[in-house]
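The structure appears right after this line, and notes come after that.
The values are calculated or read from the model by the stated rules, or taken from the named source; none is laboratory data. Because the structure is a prediction, the values reported are computed rather than measured. With ideal geometry, Cβ positions are generated from the backbone for all residues, glycine too; neighbour counts draw on all protein chains shown. With ligands, DNA and RNA removed, areas are computed over all heavy atoms of the protein, side chains included. Shrake-Rupley method; radii C 1.70, N 1.55, O 1.52, S 1.80 Å.
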Amino acid sequence: MYRALARWCYLHKWLVVGLWLAAMVAVNAAGGAIGTAYDSSFSTPASESTRGFETVEEYFPGAGSQFGGSIVFQSTDGVQRPEVVEAMSAMFAEVQAIEGVSVVSPYDEQGAQQIAPEGTIAYAQVNLDPEIDQTESTEVGAEITDLIPDVDGLRVEVGGAALAEFEPPETELIGLAFAIVILILAFGSVLAMGLPIGVAVAGVVTGGVGVVTLLTHVVTIPDFAPLIGIMIGLGVGIDYALFIVTRYRELTRAGAEPQAAVEGAMDTAGRAVVFAGITVVLSLLGMLLIGLEFVAGMGIAAATTVAVTLLASITLLPSLLALAHGRLEVTRWRGLLAAGFAAFALLGLGLGVAPIGAAGALLAVGTLLASIVVKPLRRIVPARREKPLRETLAYRWSRVIQHRPWTFVLVGGGVLLLMTLPVLGLRLGFSDEGNFSEGTTTRDAYDLVAEGFGPGFNGPFLLAIEIPPGSDPEILPTLTATVEADPGVRSVSMPLANDPAAPEASSAFLVQVIPETSPQDELTEDTVIRLRDAIAPLVAGTDVEANLTGAVPANIDFSDFLGGRILLFYGVVLGMSFLLLMMVFRSLLVPLKAVFMNMLSISAAYGVVVAIFQWGWFGPVTGIEPAPIEPFIPMMLFAIVFGLSMDYEVFLLSRVKEEYDRTGDAVNSVADGLAATARVISAAAAIMVVVFGSFLLEDDRIVKMFGAGLALAVLLDATLVRMLLVPATMELLGSRNWWLPKWLDRILPTLNVEGDALHELHDSLGPAGNGQVDGKPVIEPADQPERV
C-alpha cells in the first residue's frame, strides 16, 4: 500500500501539488467566509456550580453568569460625580443594548455593593448569554471599548478574560527561522531543508487553521486550541518529513533511482511516520474519554492538525521529491545565503521587529537577483565528507555509556527524579486575570478592583437558594448568617428575591458572597469547600436547595472532575502504547522500559512547569507570576508528548533491532543503532524544542505553559532518555531486550513498521545482497539505511 501510494503521488506530482493548493485555499476561504465560533466556556456535569447556574438562569436571568466580565471605572473626584454618573449610565445602557449582553450597574439597587467604600472606584458586571461563543465575546469586548466615554478625570477599563482582545501569534515564525538553520546544518542542503518546512506549513495552514476554523461551528473548541495545534503541527510536520527525506537521501546515495528511493522511503520511514502520527492522534482523541466538551474540543483540534499534517507527509512530500529530482543534493551559495537571510527575516517578524524582517527579505531577494551577474554565487557548495558510522561521536558516546551502564542509569534517572520532585506540590486550578500582561486593559481592570474593593471582588461567589412554599421561614437568615460567619468571607449581600415586590412569597433568592482572597488563591478554594460543608447539613432532609456557584466554584468543580478522570486517561494511553510497541518489536521488556522512561521524562517536564508557573521560579526573568496549573494542561502535555516520544522510540529501536537481527551482537547493535539515528533524532528534537520554546514569548499564560512543557519534555526525551538511558539499560539487559514468551508471540498480532523495500534494494545493489555496484561497496554493513 505504501509503495503504491508513493508511486501514484510520484507519477502524478503536479496533480497532487495542485490538489493540496486547492484544498488549502478552499478550506481557508470557507473559514474566512463563515468565520470562527470559538467557545472557552465550560460546565461540569452534575456539579453544585452547574445546579446553581441553572437556578440563576431560571429565576434571575441576567443577574449572574459564569461567562462575562466587567466595566471598571475610577474617578478622582468620586464616581457619584454627576458628569460621571451621566456618562457611565449612558454607556451601560448602550452596552445593555448589545444582543446577548446584560449589565448590572453600580447605580442600580442590585449593584449597590459595586461602589468602593472610598467612592472613587466602581464596576458594572457584564453578563453574557451562554449562547455567545468566544469569538463573539471578544467582539463584544471591542464594542464596549469603543463606547468608553471621554470625561475629564475618568478612567475606564474592560475586565474579564472573555472580553479580552485576542492577538494572533507571531512567535511560531521564530521557530521556523531556527528550523531553517537546524535543517541546513543537519542536511547540508537548502532544498532538503525546504521540503520539511513546506510540508509542515501546508499541513498546519490547511488543518490547523482552515479545518479547525470550520470545526468550531460543529464542536466546542476553545480560542487557544488553534495555537496549540499550530505548535504541534509545525513540530510533527517537520519531524515526519525530516525522517522520510533522510531515508530518501540514503537510498539515492546507495544507488537507487529517484522513484525507487521515494517508494523505498515511504515503505520504511513512511510506515514509521504513519504509526507515530496515528499514535499521536489516538492519544489526543483519548481526551474524549473525559466526557467534557471543553477538553474534547482541545483534543479534536490538535488531533485534526496532526492528521492533516500526517496526510501531507505521505502524499504531498513524495510529489515534491519527484519535482526535486537530483537537485536535492545540490546546494549553491546563492541558495544558502538566501535561506539564511530568509531565516533572519522570519526571526525579525516573530520578534515583532518589522525593519529586521523587511531587511532580511530584501537581502534574500537581492542575493537571488545578484546571482544572475555574480558568478561565485552560482557555484555549488562543497559537500561535506560523511564519517564512517563507527567513527562518529554518537558511536563513541554509546560505547562510553555501555562501558559504565549502571553509572549512567543512576545519574540520568537521578536527574529526572530530581526534576520530578516539584510535581508533589502540583495544584490544579485556574489562573485569574491578575496573570495578564501589565498594561492590558484586562489586567488594569483586575488591579483596580483589587485596589478599591479587595482581591476577593475579582471572583465573587453566588449562593443560589430555592425555597419551596411551606419551608421553614428561618432557613434563609440561617444560611446567610452561616456564610457570613466564615473567616474566609469578606462580605455577604442582602438576599435578592426573584420577586422583589413580594419577597415573602418568593421561591428563590440570590446572595452574593465576597471572599477575602483572590480567585486563584488556595485559601479561596478552602473557603468554597468550608462553605459547602457548612451549608449542606442545613438543607439536608428538606426541599430547600442551596448551591454555591460562580466562576471560582465552577473552576474548582471542573478541576475536581478532571482530577477524578485523569488516571483513566493515563491508563488508556499507557496501555495502548505498551501494546503497540510490543506488536512492533516482539518484545516484553522493550515496551515496558519505554513506557516507564517516557513517564519519567514527562514527569520531569511537569516538575519544571510546576516550579516556573506555580511556584514562580525565575519570575523576574520570565515575567511569569505564580498561579495554579490549569487542570487540562497535564493531560494535553501527556497526550502530545507520549505520542511524539513513540516516534523517536520506533526510529531508534527499530534500527537497533535490525542490527541485532543481522549480527546477533547485543552490544554493537545498540551502538550502531544509536550512531545511525543520532543526527536525525537530534535535529528533529532540536526543531521541536525551538518551535515549542518560541511560544514562551507569547503573552497568553496557557500557551506559554504548553510551549515550556512540550519543549522540556522533548529535550529530556531526546537527550537523557534516548541518548543515555536507552543505551545504558539495553546494555544491562543484553539479548533479554528481545525476549517474548512463545505463547504471547503466537497470539500477538504483527505490526510491521519496517517494510521490505530496503531488503529488496540491498539485494539489487550487489551479489548476495552485499551492497556493491561494480564491485564497489555503497553501503557499509554497519551503515545501511535505517529501517524504521
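With the condition kept exactly as written, say whether any residue in segment 606-615 is at pLDDT below 85 and either more than 30 Å from residue 276 (Cα to Cα) or under 19 Å from the mean Cα position of the chain (by Cα) (or both). No, segment 606-615 contains no residue that is at pLDDT below 85 and either more than 30 Å from residue 276 (Cα to Cα) or under 19 Å from the mean Cα position of the chain (by Cα) (or both). The residues of segment 746-755 that are open to solvent by less than 30 Å² (accessible area, probe 1.4 Å) and among the β-branched types (Val, Ile, Thr) amount to a single one, 753. Out of 562, 548, 538, 568, one residue alone is in a helix (DSSP H, G or I), closer than 29 Å to residue 433 by Cβ and touching a residue at least 12 places away in the same chain (Cβ under 8 Å). It is 562. Scanning segment 382-406 for residues that are over 17 Å from residue 720 (Cβ atoms), open to solvent by less than 70 Å² (accessible area, probe 1.4 Å) and in a helix (DSSP H, G or I) yields a total of 3. For residue 462, indicate whether it is touching a strand residue (DSSP E or B) at 6+ places or on another chain (Cβ under 9 Å) and farther than 21 Å from residue 116 by Cα. In short, no. When the criteria are applied in full, residue 618 fails the requirement of being of a type in the set (A, V, I, L, M, F, W, C) and in contact (Cβ under 8 Å) with a residue 40 or more places away in the chain. Search segment 597-648 for residues being charged (D, E, K, R) and not in a helix (DSSP H, G or I), and hand back the single one that is least open to solvent (accessible area, probe 1.4 Å). The extreme case among them is 630. Any chance you could count how many residues in segment 491-529 are among the charged types (D, E, K, R), touching a helix residue (DSSP H, G or I) at 6+ places or on another chain (Cβ under 7 Å) and crowded, with 18+ Cβ neighbours inside 10 Å? Residues in segment 491-529 being among the charged types (D, E, K, R), touching a helix residue (DSSP H, G or I) at 6+ places or on another chain (Cβ under 7 Å) and crowded, with 18+ Cβ neighbours inside 10 Å: 1 in total. Looking across segment 663-679, the residues that are touching a residue at least 12 places away in the same chain (Cβ under 8 Å), surrounded by fewer than 24 Cβ atoms within 10 Å (Cβ to Cβ) and over 18 Å from residue 732 (Cα atoms) come down to 678, 679. Picking from residues in segment 68-88 that are within 18 Å of residue 452 (Cα to Cα) and more than 46 Å from the chain's Cα centre (by Cα), the one that is modelled with the lowest pLDDT is 77.
Here is a yes/no grid of residues against (1) part of a loop (DSSP other than H, G, I, E, B); (2) open to solvent by 50 Å² or more (accessible area, probe 1.4 Å); (3) under 27 Å from residue 351 (Cβ atoms):
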position: 150; (1), (2), (3): yes, yes, no
position: 183; (1), (2), (3): no, no, yes
position: 207; (1), (2), (3): no, no, yes
position: 211; (1), (2), (3): no, no, no
position: 214; (1), (2), (3): no, yes, no
position: 219; (1), (2), (3): yes, no, no
position: 223; (1), (2), (3): yes, no, yes
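Taking segment 445-488 as the range and being of a type outside the set (A, V, I, L, M) and within 19 Å of residue 540 (Cβ to Cβ) as the test, the residues that pass are 466, 468, 470, 471, 472, 473, 474, 477, 478, 480, 482, 486. If you go through segment 693-745 and keep only what is buried (at least 19 other Cβ atoms within 10 Å of the Cβ) and part of a loop (DSSP other than H, G, I, E, B), you end up with 698, 700. Listed by first and then second residue, the pairs linking a residue in segment 373-397 that is touching a residue at least 24 places away in the same chain (Cβ under 8 Å) to a residue that is of a type in the set (Lys, Arg) and open to solvent by less than 80 Å² (accessible area, probe 1.4 Å), with Cβ atoms under 7 Å apart and 6 or more places separating them unless they lie on different chains, are 377/334; 378/334. Across segment 428-436, a minimum of one residue is classified as open to solvent by less than 50 Å² (accessible area, probe 1.4 Å) and under 15 Å from residue 527 (Cα atoms).
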